[in-house]
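These notes concern the structure reproduced below.
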Amino acid sequence: MILVTGGAGFIGANFVLDWIAQTGEPVVNLDKLSYAGNPENLDALHEDTRHTFVVGDIADRALISSLLERHQIRAIVHFAAESHVDRSIHGPGDFIHTNVVGTFHLLEAVHGYWMLLPPDRKESFRFLHVSTDEVYGSLRPGEPAFTELHRVEPNSPYSASKAASDHLVRAWHHTYGLPVLTTNCSNNYGPFQFPEKLIPLTIVNALAGKLLPIYGDGQQVRDWLYVIDHCRAIACVLQTGRLGETYNIGGWNEQTNLDIVHTICALLDELRPRADGKPYREQITHVADRPGHDRRYAIDARKIEAELGWKPAETFATGIRKTVQWYLDHPAWIEHVQSGAYREWMTQQYRPGVA
Ligand code: NAD
Ligand code: TYD
């Protein structure tokens, strides 16, 4: 059995669903259910005995220890985090609590459990830490994409807290021998992504007839990967990755934010045309830029491709079409995540009249 942390969030839920479908191996899923954790993402596993859902904090060492013992866990995939850059700018405290302190407590609990395992299980045990390309900082146009050897230069409270957690994981390997693996992935998109991030926000706002906010000039570049490709890469690293190594994950798909929003608008024009026949791109509006906004991220994925044979299955064209269609097919999911807390965030971030 494996333990997944943060498995009610966007990537974690996709991972749990895909893992059980692909391998059949049971999962204990520990999630605090912050605003970003949504049990509805796991509805397909309702009454599936291979899925055990536990509400709790990764900083609760006693809880982690008891879960590890009770379920005799053989591997951990650690997704749980505060993940939204804009929220980290408004309130970095939660990011330090979960991403740094939480990862520390998790490592301590896992270390205590792992040390007492019999030799064969100790050797095959794995702790996979899921991280981001944002720890590498920002690239200038024309600069080569991030390799695993790139300097760590985080610029936002979010990326700084993720970089700190990467360092802790590395140190628990070098100091205590904990069998860890780290992955640093580029921006994900796909089903179940909370509509505070660019792609789902654009789809949801477009359908609601709201403005589509572009920070600054919209020429910032992100490297987009379909979420299931990320999940398969994680499974691949878990099974065959070399201990203590870091693997960058990305789909060689750099795009400006403005291009992303135009692509979504064009897909919606085709799949769900506006009642007035006008194009959705008319809803685009430029708003104040994000403070410290990283200009460009790009992943060099040659290591995972060459060493482990992983490659993404989706192109951006196929992945974004599936994603837009998924949001069109799930109006109830959208309605449910737009709770009071979400509406409060939207008012704080996009002041009325600004976007
Ligand atoms: P998310 O915000 O959608 O989900 C995070 C989940 O963690 C939520 O279910 C939340 O309830 C849970 N959680 C938060 N604090 C917790 C705590 N203290 N204890 C237990 N559970 C807690 O995030 P996501 O987009 O799914 O990202 C998952 C992981 O992947 C994160 O570590 C993130 O840094 C990393 N990552 C994300 C992206 C991306 O594009 N979204 C890209 C690369 C890496
Ligand atoms: P986001 O989805 O928040 O991911 P990250 O900041 O982790 O890359 O943002 C992706 C890009 O889109 C980023 O450059 C910020 C930009 N953006 C907007 O232009 N408008 C928005 O409303 C949001 C949420 C993001």
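The values are calculated or read from the model by the stated rules, or taken from the named source; none is laboratory data. Note that the structure is predicted; figures quoted are calculated from it, not measured. Because the Cβ atoms are built from the backbone with ideal geometry, glycine has one as well, and the counts that use them run over all protein chains shown. Just the protein is used for accessible areas: all its heavy atoms, side chains included, with ligands, DNA and RNA removed. Shrake-Rupley method; radii C 1.70, N 1.55, O 1.52, S 1.80 Å.
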Could you compute the FRET efficiency for HIS167 and ASP276, with r as their C-beta to C-beta distance and R0 at 45 Å, rounded to 0.05? 0.30
On the protein heavy atoms, probe 1.4 angstrom, tell me the percent of accessible surface of the chain carried by carbon and sulfur. 53 percent
Quick one: P(r) of the stretch 33-105 from all Cα-Cα pairs, 10 Å bins, percents rounded to integers, in order of increasing distance. 16, 43, 33, 9
With a 1.4 Å probe and every protein chain left in place, work out the accessible area per residue of the chain in Å², rounded to a whole number. 42 Å²
I'd like the orientation of helix 61-71 relative to the chain: the angle between its Cα long axis and the longest Cα principal axis, in ° from 0 to 90, rounded to 10. 70 degrees
Taking alpha-carbon centroids only, the stretch 151-201 lies from the stretch 42-103 a number of Å equal to 14 Å
Show me 37-48, 202-213, 314-325 ranked by packing, highest mean number of other Cβ atoms within 10 Å first. 202-213, 314-325, 37-48
Coarse-grained scattering of the stretch 199-318 at q = 0.09, 0.13, 0.17, 0.18 Å⁻¹, given as base-10 log I(q)/I(0) from a Debye sum over alpha-carbon atoms: -0.34, -0.64, -0.91, -0.96
Using alpha carbons only, how many degrees (0 to 90, rounded to 10) separate the axis of helix 10-23 from the longest principal axis of the chain? 60 degrees
Rounded to the nearest whole number, the Stokes-Einstein translational diffusion coefficient of the stretch 2-349 at 4 °C and 1.567 mPa s (Kirkwood radius, C-alpha pairs) in µm²/s is 63 µm²/s
Expressed as a fraction of 2.2 N^0.38 Å, the rule-of-thumb size for a compact globular protein of N residues, what is the C-alpha radius of gyration of the stretch 130-171? 1.15
For the stretch 253-355, what log10 I(q)/I(0) values come out of the Debye formula at q = 0.14, 0.23 1/Å, with one point per alpha carbon and no solvent? -0.87, -1.34
I'd like the FRET efficiency for GLN22 and GLU123, computed as 1/(1 + (r/R0)^6) with the beta carbon distance as r and R0 of 35 Å, rounded to 0.05. 0.90
Burial-style ranking of 109-117, 73-81, average other-beta-carbon count within 10 Å with highest first, yields 73-81, 109-117
Calculate the length of the line joining the C-alpha centroid of the stretch 309-325 to that of the stretch 234-291, in whole Å. 11 Å
Of the candidates SER88, ASN38, TRP326, the farthest towards the positive dipole end of the stretch 2-349 (Lys/Arg Cβ +1, Asp/Glu Cβ -1, centred on the Cα centre) is SER88
Order these peptides, 282-289, 29-36, by their mean beta-carbon neighbour count within 10 angstrom, highest first. 29-36, 282-289
Computed over the stretch 22-75, the distribution of all Cα-Cα distances in 10 Å bins, rounded to whole %, is 20, 51, 28, 0
For the stretch 40-194, max minus min Cα coordinate along each principal axis, in Å, sorted largest first? 50, 39, 27
Calculated FRET value between GLU344 and ASP43, using beta carbons and R₀ = 30 Å, to 0.05: 0.75
Taking 0.36 nm per residue of sequence separation and subtracting the Cα-Cα distance, how much length would be gained by fully extending the chain between ASP259 and GLU108, in nm to one decimal? 50.0 nm
If you take every DSSP beta bridge whose two residues both sit in the chain, what share of them, in percent to the nearest 5, is antiparallel? 10 percent
